[in-house]
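Asks: Handing you this structure, nothing more for now.
Every read-out reported here was derived from the displayed coordinates using simple, explicitly stated rules and does not represent laboratory data. Quantities reported herein were computed from a predicted structural model and do not represent experimental measurements. Note: ideal-geometry Cβ built from the backbone for every residue, glycine included; neighbour counts use all protein chains shown.
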Amino acid sequence: MSETRQFKAEVQKLLDLVINSLYSNKEIFLRELLSNASDAIDRARFESVKDSSLLEGVGDWKIKLTVDEDARTLTISDNGIGMSAEEVESNIGTIASSGTKAFLEHLSENKESLPPELIGQFGVGFYSSFMVADEVTVLTRRIGTKSGGVKWQSRGDGYYTLVPFDKPGTGTDVILHLKEDAEQYLEEWQLRKLVKKYSDFVEHPICMDIRREEYERYEEGKRIEGKEPKVTITEETLNSQKAIWQRKKDEVKEEEYAEFYRHVSHDFQEPFETIHWSVEGQVEFKALLYIPKKPLYDMFMPEQRDKGVQLYVHRVFITDKCEELVPPYLHFLRGVVDSSDLPLNVSREMLQEAKALRIIQKNLVKKVLDILSDMQEKAPERYQEFWTNFGATLKTGIHLDPTNSERIQKLMLFESTMTEEGKRTTLEDYVKRMPESQKEIYFITAENRAAAANAPQLEAFKSKGYEVLYMTDPVDEWIVQDIGKFEDKPLQSIIKGDIDLDTEEEKAEKGEKWKALEADNKDLLEKVREVLGDKVKEVRLSKRLTESACCLVNDEFGMTANMEKLMKAMNQDLPAAKRIFELNGEHPLIVSMRGMVGDKSKADTLADYIELLYGQACLTAQIPLDDPLSFSKKLSALMVDRKD
Ligand code: ADP
């Protein structure tokens, strides 16, 4: 057996990349090594099923962490399968899979663009030890051998040595000689933290000798100086080993689900809904997801904010920020997905990984939407509660995920002119209630229910008995555009375009009257145009008002006032939108103003009235006034002039 050997070129390349570009997340080395140790035990257990003589002298399956502060080493030992010299050579000296090569090329070409989480997500295997160690020693002896073993050693500089070594037991010790800046991995609390974070649910115990020093300072009430501390060393298991998602549903108690929920969500409440299922076939995975009772704000733990469902591979934590797993519109979910189809390590096909994740996501989305539809149907009150908390997030899926858009549309709830405050309707029920003469689904976008419910534009719809949906979530402005039609009925904003609710017969009937009204108001409309100038796009008589004197509306493609506000809130620079000013030709105020047109002595008063009328329309549409000072002056003057 020759002593010093050279790594295959691509291994050295991988090493360089691991050492240099993964710096930001180097703590994952422990996860990788613990996972290898756990795999080694699984394989030993598997082989010993066929040949129980292999178990002689092995004892209970165990992984052990040992710290030597003086030598500055951290050792990860397992009593698993171990490796022969040939296996060490082929497993650790080369990279077998072509996927790794492709990954390497991608890495070296896109070093800047590759986020560390991505690399972290797929792991870097054994080589990640060189992120924290300047020398790595592997002592290993295959299970079933009576003596012997090998010692592999490398400084990660292109060379390694491989020599025979008498290892007392079977299994593998990976000894990391820690770099100066990685000394923290000698500390008990650090190791505890990392085991909890990444490897808590590993099936085999991860143990460590914990040293406690107890000073006996008092004896019979008197203080004693200079006495040696009492040292006790106890072996503790650092991981809980309890992966409840791996268990059968009927074997898990409600309290256990709740306790695990609190663990993954940092929420102090019970979960709103627990979804536990497993999938076999094209991909295999187990999932335990939760819908929280309320959105989680994590005021005291801002770092929790963008954490979501945790991805595990073989019980080993990989990441909790994975958009390929849970799409953004289901970000309120918490829990775990554990797959045996995903590689922990880069040494397997990268492309396949992505594909498996896509299949998992598809399955997960379907499951959650199924649960929600079922709840909506069978427990509508409970569903309303869900919607109040997470509806605004869920409905962004209509925009983000066209394949599930229709399903999500059915899950949407809205308040409307026909619902009590706080109660909501689905689009399906809305359509069921539509009178035959109604051809479109009407809605109004506004900041809140009160603003929507008081909009003058609603008047004609109310008197016709047509229901109008209140869309009060900021995202609604975008989403209605994505929906377009529901059950073949177009969605129509009541504050946009030229609305005429009359049927053909009604139009014919009212035709003459309308013509007369237009003729009567022609001069007034002209005057209003003259006074308001380019503040408005158009001035016309309204068919949507029955009680109010006036309102502002958008043309079919114009931006609503609500949308404008949202865009401004996002710091978008916008030219002021011009709206259409509609007047109710039958309103007493308009009738009286009509009488003032042409009377020279009242010209100034009429101009003030027009300004005031316009200001009023702005206020009801929640559009800020251009000149609030002049508006209030005119209003005060009017009040002073009041003759009663
Ligand atoms: P991966 O685990 O993805 O295969 P690694 O680089 O982590 O990649 O390890 C390479 C190989 O080395 C493993 O597949 C395994 O055969 C072997 N190996 C690593 N650690 C151990 C161990 N503790 N015991 C036995 N074999 C091991």
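Asks: Straight-line reach from Lys522: which lysines have a Cα under 21 Å away, not including same-chain ones fewer than 8 places off?
Replies: Lys507, Lys510, Lys513, Lys535, Lys537, Lys543, Lys600, Lys602
Asks: Please figure out what share of the DSSP beta bridges in the chain is antiparallel and state it in percent, rounded to the nearest 5.
Replies: So the antiparallel bridges in the chain amount to around 75 percent.
Asks: Once you list every other residue whose beta carbon is under 12 Å from the beta carbon of Lys522, what net charge do they have if Lys and Arg are +1 and Asp and Glu are -1?
Replies: Around Lys522, the surrounding residues sum to +1.
Asks: Would you mind checking the tilt of helix 380-394 against the longest principal axis of the Cα atoms of the chain, expressed as 0 to 90 degrees and rounded to 10?
Replies: Rounded to the nearest ten degrees, it is 80.
Asks: Express the C-alpha Rg of the chain as a ratio against the empirical globular expectation 2.2 N^0.38 Å, rounded to two decimals.
Replies: Scaled against compact globular proteins, the figure is 1.40.
Asks: Is segment 504-641 rounded, prolate or oblate when judged by the Cα gyration tensor, a ≥ b ≥ c being the square roots of its eigenvalues, rounded requiring a/c under 1.5 and prolate requiring a/b larger than b/c?
Replies: In terms of gyration-tensor shape, oblate.
Asks: Same structure again: Given segment 372-448 reduced to its alpha-carbon atoms as identical point scatterers, what log10 I(q)/I(0) does the Debye formula return at q = 0.20, 0.24 Å⁻¹?
Replies: Each listed q maps to, in turn, -1.01, -1.33.
Asks: Calculate the length of the line joining the C-alpha centroid of segment 572-624 to that of segment 445-459, in whole Å.
Replies: 20 Å
Asks: From the C-alpha coordinates alone, can you work out the Kirkwood hydrodynamic radius of segment 462-526, in Å?
Replies: Result for segment 462-526 stands at 15.0 Å.
Asks: Give me the angle, in degrees from 0 to 90, between the Cα long axis of helix 98-109 and the longest principal axis of the Cα atoms of the chain, rounded to the nearest 10.
Replies: The answer is roughly 60 degrees.
Asks: Give me the count of lysine pairs in segment 414-493 whose alpha carbons sit under 21 angstrom apart, restricted to pairs 8 or more positions apart or on different chains.
Replies: Within segment 414-493, the lysine pair count is 12.
Asks: Still on this model: Taking θ as phi - 60°, what are the ³J(HN,Hα) couplings along segment 261-271 by the Karplus curve (6.51, -1.76, 1.60), each to the nearest whole Hz, with x for Gly and Pro?
Replies: 4, 4, 5, 7, 9, 6, 8, 9, 8, 6, x
Asks: Report, ordered by chain and residue number, the lysines lying within cross-link reach of Lys146, taken as a straight Cα distance under 28 Å and ignoring same-chain residues fewer than 8 apart.
Replies: Within reach: Lys50, Lys62, Lys64, Lys167.
Asks: For Cα pairs less than 8 Å apart in space and 6+ apart in sequence, what is the mean separation divided by the residue count of the chain, i.e. the relative contact order in percent?
Replies: With pairs under 8 Å counted, the relative contact order is 9 percent.
Asks: Still on this model: If you count, for each residue, the other Cβ atoms within 10 Å and average over each peptide, how do 614-621, 361-368 line up from highest to lowest?
Replies: Going from most to least packed, we get 614-621, 361-368.
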